[in-house]
Amino acid sequence: MNLAWADIRHHVLRFFLTTIGVGALFTATIGMIGLYRGVVYETLLIINDVGADIWVAQGHRAGPFAELSEVSGTLDRRLEGVPGVSQVRRFIQFNQQYEINGRRLRMAVTGLDFPKDKGNWIPLIAGRHFYAGHYEAIADQSLGFTVGDQIRLGHDDYTIIGVAAGQVDMAGDGILYVTIPDAQTLNTFAPSEAILLNRMNKTAPGRSGYSAGRVGAVMVALRPGADQEQVRNYIRNWGDVEVLTRDDQEDIMLNGRLWRLRIQILAFVGMTLLVTTVVVSLSIYTMTVEKTHQIALLKLLGARDSIIVAMILQQALLIGVKSFASALLQSYVIFPHFPRTVLLLPSDLAVEGAMAIVLCAAASWFGIRKALSVRAQEVLS
Amino acid sequence: MSAAPLISVSQASKVYRIGDAQVRALDEASVEIRAGELVGILGPSGSGKTTFLMIAGLLDTPTSGRVLFNGRVISKPETNLNQLRDFRRKHLGFVFQKANLIPFLNATQNVQIALQINGARRRYAAQRSRLLLEQFGIGNRAKNLPSQLSGGEQQRVAIARALANQPELILADEPTANLDSARGRQVMETFRRLADQERIAICVVTHDLRCVDLFDRCITMSDGRPTVQ
Ligand SMILES: Nc1ncnc2c1ncn2[C@@H]1O[C@H](COP(=O)(O)OP(=O)(O)OP(=O)(O)O)[C@@H](O)[C@H]1O
Ligand SMILES: [Mg+2]
C-alpha cells in the first residue's frame with residue numbers, strides 16, 4: 001500500500017483535472033520550443049538540402065535569404081572557370097501572392113537551374129521531378145495542389161508535376177519550385193494590385209523586385225578535396241560579390257535573423273515554466289494542508305519525516321509524470337493541425353520531460369515544509 | 001503488583017502561556033503504571049487529563065519534570081519532540097474519542113500503515129492487520145473505507161491500529177465517548193482483556209463511571225493534580 005497513490009486514487013477527479021491543466025502548460029512549453037525548432041528547420045531547409053558549398057550573392061549583402069540579393073544572370077559562367085568548382089547553379093526565390101481558383105495563396109516561388117538541377121534533392125510524396133524547361137512546377141503539399149493540376153500564374157498555365165513534403169520558407173509559405181526562366185517571368189509579372197502598391201510605396205524594397213534576367217544568387221559545389229577558403233578568397237577578390245559558405249548562411253540565419261525570436265521564445269518558455277511551478281506548488285500545498293490531520297496522525301503513530309516527505313514528493317512526481325504524458329498526447333494530437341510546423345525533437349522532449357520532473361519536485365518544497373511543521377498533537381484538534 | 005513501573009511520570013508540570021496569562025494544566029503530577037495494569041483517569045473538564053496523556057504519551061514535553069520508561073528518562077523539558085517519534089512508534093499505542101482513521105485508506109490499510117511505518121514487510125503487515133480486524137469482529141469490513149463504517153467499527157479499527165506494533169503502553173482519551181453504553185463497555189472489556197492476557201499497561205481517560213469496576217485503580221485529576229483513590 002502506497003500512501004501517495006491511495007490519496008490520489010481517493011481524489012481521482014481532482015488529480016485528473018490537475019494533470020490536464022498542468023499538462024496544458026507543459027504542452028504550451030513543448031509547442032513554443034517546437035515552433036522555434038520548426039522555424040529553424042524551415043529556415044535552413046534549402047540551405048541544408050540544396051547541396052551548395054558556397055553561395056555567391058550581391059556584394060556586401062548577406063544574401064540571398066537574410067538580405068535581398070541580386071546578381072547578374074550570367075555570373076554562373078564566370079564561376080564555372082574558378083579552380084576547384086565542380087558545379088554551379090543559379091538560385092532565385094521570392095514570395096508572391098496569387099489568386100488561384102478563388103483561393104488567395106502566398107507562395108515562395110523558387111527557381112531551379114534546369115537542366116543542371118532537375119530537383120532530384122526535393123523529397124516528393126507524389127509525382128516526378130522536372131522533365132521540361134518550362135511550365136512545370138513542384139508544389140509543397142501545404143499549397144493544396146495535386147499532381148496534374150493546372151494553375152494559372154501570370155500569363156501562363158503551369159502543370160503541377162510533383163508534390164513535395166515539408167518545403168516551406170522561413171515565413172512558413174509553401175514553396176513552388178519552377179525553372180529559373182519561369183521564375184524570372186513570374187517575378188517580372190506583377191498583378192495590377194502589386195503595381196498599385198509599388199506606385200504608392202516607391203521606396204519599399206521587396207523580394208519580388210529582381211531586374212530582368214537577374215537572379216538572387218549562385219550556388220557553387222566544390223570538387224572533392226578542393227579548399228573552400230581558397231575558392232572563397234578567389235571569388236571574393238573579384239570585389240563585386242559576397243561569398244558565403246553554408247556555415248556562414250546558417251550562422252547568419254540563426255544568430256542574425258532568428259536570435260530575437262529565440263530570446264523571445266526562451267522568455268515565454270521561462271514564464272510558462274514559472275507559472276507551472278506556481279500552479280504545481282499551490283496544488284501540492286493545498287493537498288498537504290488538507291492532509292494536515294492525517295500527517296499529524298502519521299507522526300503520532302511515529303512515522304519518520306522521510307515517510308511523510310516521500311508521500312508528498314511522490315505525489316508531486318506523479319503529477320509531473322502524468323501531466324507530461326498528457327502534454328505529449330496533447331502535443332501529438334494538436335500540433336500537426338497548426339499552420340506552422342511544430343517540430344517535436346526527441347532530444348527536446350527528453351529535456352522537457354526531465355525539466356517537468358525537476359520542476360514538480362521543486363514545487364513540492366512548500367508542501368513538504370508545511371508537512372514537516374505539523375505537530376502530532378494536532379490529531380487532537 | 002509491586003513490580004517496577006513501566007512508565008513513571010515524575011513531578012511533571014505543564015504550563016501554557018497565552019499572552020501574559022499562564023495556565024498550569026498539569027501541576028507536579030507523579031503517576032506510575034505497571035505492565036498489565038488498567039488505570040482509569042477521571043476528573044472534571046479542564047482538570048488536565050488530556051494534558052497528562054500528552055505528556056505521558058510523548059506527544060509533548062513537560063515544562064518541568066520527567067517521563068521515564070522502565071527506569072530510563074525518555075522525556076524532559078529540553079527533549080526534542082521529533083526525537084520521541086521513534087520511541088512512540090515502537091512502544092506506545094493511542095486511542096482517542098475520534099477514531100482518526102485515514103479517510104483514503106480502507107480498514108486493513110489503516111492498521112497496516114502503523115506496521116509499515118515501523119518497517120514491517122508488506123505481506124506480513126497485511127496479514128497481521130487482517131488478523132487483528134478479525135479478532136475485533138470486523139474481518140468482514142476489511143475492505144471498507146472509514147466512511148462506510150459505523151462509529152463503533154471505526155473505533156475498533158483504531159484499537160487494532162494501536163495494537164499493531166505490540167505496544168507496551170496504550171493511552172486512551174475518552175475512547176467510548178462516541179459510543180452507546182453497550183459498545184463502550186465492549187471497548188473497556190477489550191482493554192481489560194489486553195491488560196490481563198498481553199500484559200499491556202493501559203491508561204484510559206473517561207467520564208463513564210459505569211466501567212470503573214473494570215479498572216485496577218482510578219486516578220482523579222483536579223486542577224492538574226492527580227489523587228489516587
Ligand atoms: N494548547 C493549550 N493552550 C493553552 N491552554 C491549554 C492548552 N491545552 C489545554 N489547555 C488548558 O489546560 C487545562 C487542562 O486542559 P485539558 O485538555 O488537559 O483538560 P481535560 O481534563 O482533558 O478536559 P476535558 O475533560 O474537557 O477534555 C485547561 O484549562 C485548558 O484550557
Ligand atoms: Mg480532554
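Please give me the summed charge of the neighbours of A:Ala371: other residues whose Cβ is under 9 Å from its Cβ, Lys and Arg +1, Asp and Glu -1. All intermediate terms of the calculation are to be shown ahead of the outcome.
Numbers: positive: A:Lys291, A:Arg369, A:Lys370; negative: A:Asp305.
Taking every Cβ under 9 Å from that of A:Ala371, the sum is +2.
Please report, to one decimal in angstroms, the Kirkwood hydrodynamic radius of segment A:251-317 built from all distinct Cα-Cα pairs.
15.0
Can you tell which of A:Phe335, A:Ser306, A:Ile46 lies farthest toward the positive end of the dipole of chain A, using +1 and -1 charges on the Cβ of basic and acidic side chains (Lys, Arg; Asp, Glu)?
Of A:Phe335, A:Ser306, A:Ile46, it is A:Ser306.
Could you calculate the FRET efficiency of A:Ile334 with A:Val309 from 1/(1 + (r/R0)^6), where r is the beta carbon distance between them and R0 is 35 Å, rounded to 0.05?
0.45
Would you mind giving the three semi-axes, in whole Å and largest first, of the ellipsoid equivalent to segment A:225-377 according to its Cα gyration tensor?
Semi-axes (√(5λ), whole Å): 53, 16, 13.
Can you give the FRET efficiency for A:Ile20 and A:Ala165, using 1/(1 + (r/R0)^6), R0 = 35 Å, r = Cβ-Cβ distance, to the nearest 0.05?
0.60
Taking the Cβ-Cβ separation of B:Asp20 and A:Arg128 as r and a Förster radius of 56 Å, what is the calculated FRET efficiency to the nearest 0.05?
With R0 = 56 Å, the Cβ-Cβ based efficiency is 0.05.
Check B:Ile170: other-chain or 5+ apart residues with amide H under 5 Å from its amide H, H built from backbone geometry?
HN-HN under 5 Å from B:Ile170: B:Gly93, B:Ala201, B:Ile202, B:Cys203.
Starting from the Cα of B:His207, move 7 Å in the Cα-to-Cβ direction to define the label point; list residues of segment B:30-61 whose amide nitrogen is under 18 Å from there.
B:40-53
Tell me, in nm to one decimal, what length is gained between B:Lys90 and B:Leu214 on full extension, where the rule is 0.36 nm per residue of separation less the Cα-Cα distance?
Length gained, B:Lys90 through B:Leu214: 42.0 nm.
What is the spin-label model distance, in nm, from A:Leu372 to A:Ser86 if the labels are put 7 Å beyond Cα along the C-beta direction?
About 6.5 nm separates the two model spin labels.
For a quick check, take a GNM of chain B with Cα springs below 10 Å and name the residue from B:Val73, B:Val95, B:Val111 with the largest mean-square fluctuation.
B:Val73
Along Cα→Cβ, 7 Å out, is where each label goes; now give me the distance between the ones at B:Arg225 and A:Asp240 in nm to one decimal.
Taking the two extended label points, one gets 11.7 nm.
Ignoring everything except DSSP H segments at least 4 long, calculate the 222 nm mean residue ellipticity for chain A; use -39,500 (n - 2.57) per segment, divide by total residues, nearest 500. Don't jump to the answer; show the numbers that get you there.
Values: 12 runs with 183 residues, N = 381.
One gets -16000 deg cm²/dmol as the mean residue ellipticity at 222 nm.
Using only the alpha-carbon atoms, how far is helix A:305-334 inclined from the longest principal axis of chain A? Give it as 0 to 90 degrees, nearest 10.
Helix A:305-334 sits at roughly 30 degrees to that axis.
Which of the listed residues, A:Met107, A:Val218, A:Tyr131, is farthest toward the dipole's positive end in segment A:60-239, when Lys, Arg count +1 and Asp, Glu count -1 at the beta-carbon?
A:Val218
Net charge near B:Pro146: determine it from the other residues with C-beta under 14 Å of the C-beta of B:Pro146, scoring Lys and Arg +1 and Asp and Glu -1.
+3
Taking Cα atoms, how many degrees apart are the long axis of helix B:122-135 and the longest axis of chain B, rounded to 10 and kept between 0 and 90?
The two axes meet at around 80 degrees.
Hey, got the Cα dimensions of chain A along the principal axes, in Å, largest first?
Computed over chain A, the largest-to-smallest principal extents equal 92, 51, 42 Å.
Run through all the Cα pairs of segment B:7-228 and give the fraction in each 5 Å bin from 0, expressed as whole percent.
For segment B:7-228, the pair-distance distribution reads 1, 7, 15, 18, 19, 16, 12, 7, 3, 1, 0.
Taking amide hydrogens as modeled 1.01 Å from N in the peptide plane, which residues meet the under 5 Å criterion relative to A:Val85, leaving out close sequence neighbours?
Amide H to amide H, under 5 Å and 5 or more residues apart or across chains, A:Val85 pairs with A:Arg223.
By a straight-distance test (C-alpha under 21 Å), which lysines pair with B:Lys90 as possible cross-link partners, with residues fewer than eight away in the same chain excluded?
Output for B:Lys90: A:Lys299, B:Lys76.
When the C-alpha atoms of segment B:75-131 are aligned to their principal axes, what extent does each axis show, in angstrom, from largest down?
Here the Cα extents, ordered largest to smallest, are 39, 28, 18 Å.
When chain B is treated as a GNM, springs tying every alpha-carbon pair under 10 Å, which of B:Gly139, B:Gly40, B:Gly19 comes out with the largest mean-square fluctuation?
It is B:Gly19.
Taking 0.36 nm per residue of separation and subtracting the Cα-Cα distance, what length does fully extending B:Lys76 through B:Ser181 add?
34.0 nm
Projected onto the charge dipole of segment A:226-381 (+1 at Lys/Arg Cβ, -1 at Asp/Glu Cβ, origin at the Cα centre), which of A:Val280, A:Ser347, A:Ile368 gives the Cα projection farthest towards the positive end?
A:Ile368
Using the Cα centre as the reference, give the magnitude of the dipole from point charges on the C-beta atoms of the protein assembly as shown (Lys, Arg: +1; Asp, Glu: -1; all else neutral), rounded to the nearest 20 debye. Write out the running numbers ahead of the final one.
On the way: 64 positive and 54 negative charges, 436 e Å.
The dipole magnitude comes to about 2100 debye.
Taking segment B:1-87, how much of its Cα-Cα pair set, in percent, is spaced more than 15 angstrom apart?
59
Looking at segment A:60-239, send over the antiparallel percent of its DSSP beta bridges, to the nearest 5.
Details: 26 of 37 bridges.
Of all bridge pairs located within segment A:60-239, approximately 70 percent are antiparallel.
With no solvent and one equal point scatterer placed on each C-alpha of segment A:1-105, evaluate the Debye formula and give log10 I(q)/I(0) for q = 0.12, 0.25 Å⁻¹, two decimals.
Per q value, in the given order, log10 I(q)/I(0) is -0.69, -1.30.
Rounded to the nearest 20 debye, what is the charge dipole size of segment A:60-239 about its Cα centre when +1 sits on each Lys and Arg Cβ and -1 on each Asp and Glu Cβ?
Charge dipole of segment A:60-239: 360 debye, to the nearest 20.
Average the reciprocal distances over every distinct pair of alpha-carbons in segment A:60-239, invert the result, and give the Kirkwood radius in Å. Show your work: numbers first, answer last.
Details: mean 1/r = 0.0577 Å⁻¹.
Result for segment A:60-239, one decimal place: 17.3 Å.
Sum up the charges of everything whose Cβ sits under 14 Å from the Cβ of B:Ala29, counting Lys and Arg as +1 and Asp and Glu as -1, but leave B:Ala29 out.
Summing Lys/Arg as +1 and Asp/Glu as -1 gives 0.
In degrees between 0 and 90, to the nearest 10, how far off the longest principal axis of chain A does helix A:346-363 point, with axes built from Cα atoms?
The angle comes out at about 30 degrees.
Just to be sure I understand: with springs between alpha-carbon atoms less than 10 Å apart, which residue in A:Thr146, A:Thr179, A:Thr29 has the highest mean-square fluctuation in the Gaussian network model of chain A?
Evaluated over chain A, the most mobile residue of the options is A:Thr146.
Filter the trypsin sites (Lys or Arg not before Pro) in segment B:125-154 down to the DSSP loop ones having no more than 11 other Cβ atoms within 10 Å, then list what survives.
In loop regions of segment B:125-154 (DSSP not H, G, I, E or B), the sparsely surrounded trypsin sites (Lys or Arg not before Pro) are B:Lys143.
Under 5 Å between amide H atoms, partner at least 5 residues away or on a different chain: which partners does A:Ala62 have, H built in plane at 1.01 Å?
Here the answer is A:Glu67, since their amide H atoms fall under 5 Å of that of A:Ala62.
Since every read-out is calculated from the coordinates, none of them should be taken as a lab result. These numbers come from a predicted model, not from an experiment. Here Cβ is always computed from backbone atoms with ideal geometry, including for glycine, and neighbour counts include all displayed protein chains.
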